[in-house]
Every structure is written in structure tokens, then in C-alpha cells.
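*Asks:* The following block contains the structure, expressed as C-alpha cells.
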Amino acid sequence: MSPRLVPAGSDPVRRTERPVAVTVDGEAVTGIAGQTIAGLLLASGRRAWRTGPSGARRGVFCGIGVCFDCLVSVNGEQDVRACRRRAADGDAVSTQNRRPPEADGIRQGPEEAS
Ligand code: FES
């Protein structure tokens, strides 16, 4: 997957350039109809949008729906694979963080630790 955008006039599939407007963590981002959410995120300059349990930044790895590295929330639905979901006008995309709270210095209470 690449953030490179082929101009519509030279696109072999003759797509039309219909804009799509979404928000990413509340920030307005525009793309083109047919782009996946991952494609839209990459085209907007984002390379990573999730933090794994180790603290490592994650974005697109496989690009084909196998690795689950690209997870985001879309319209409140969690764990959506950004590489498999086409962006729709008005989508509210939120980044996710799987880093455990203790990694950020937040201790769990006794009822949460069991
Ligand atoms: S990049 Fe691997 S599932 Fe999306």
C-alpha cells in the first residue's frame, strides 16, 4: 500500500474524483471515494496510528487484512482493520491504544487486578 495518488485523468480504472470527508481523532481529513481508511490516513501523512502493548507504533503492515496492525475505531465500532474498510463520507475515525495502563505509570486497584 502506498500513499501515492494516481491522478484521475491517468488512472487506468477511470475513477472519478469524488471527495470524501472524515474526521480522524476530531481532525478533518479529506480523501477520495474508494480509498480505504488506511489509504486515506497514509495520504494525509500519517504512518502510524496505534500503539501496541509494547509501546511500539503501528500502522499498515500487511495491507491485506491479515496482521491486524492497522486497527482503528470507526463510528464507535472498535477494532476495524483500516486496510479493509473503505472510507465513507462522514466517518468518525479514532485511533486506538492497546498499551496497558501500568505501562503509563497508572497502577490498577485490587478489584481491577484480579
Ligand atoms: S495492515 Fe494488516 S490487517 Fe491491516
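The values are calculated or read from the model by the stated rules, or taken from the named source; none is laboratory data. Note that the structure is predicted; figures quoted are calculated from it, not measured. SASA here: full protein model, heavy atoms, side chains in, ligands and nucleic acids out. Shrake-Rupley method; radii C 1.70, N 1.55, O 1.52, S 1.80 Å.
*Asks:* Test of understanding: what is the full-extension gain from ARG86 to ALA8, defined as 0.36 nm times their sequence separation minus their Cα-Cα distance? Walk me through the numbers before you get to the answer.
*Replies:* Values: separation 78, 0.36 × 78 = 28.08 nm, distance 1.79 nm.
Once the chain is fully extended between ARG86 and ALA8, it gains 26.3 nm.
*Asks:* Using alpha-carbon positions, what is the distance between the centroids of segment 53-67 and segment 1-36, in Å?
*Replies:* 22 Å
*Asks:* Got a sec? What order do PHE61, PHE68 fall in by accessible area at 1.4 Å, biggest, i.e. largest, first? Present the calculation step by step, with values, prior to reporting the outcome.
*Replies:* Values: PHE61 160, PHE68 100 Å².
Descending order: PHE61, PHE68.
*Asks:* With a ≥ b ≥ c the root eigenvalues of the C-alpha gyration tensor of segment 1-87, is it rounded (a/c under 1.5), prolate (a/b larger than b/c) or oblate?
*Replies:* On the way: a/c = 2.08, a/b = 1.65, b/c = 1.26.
Cα axes put segment 1-87 in the prolate bin.
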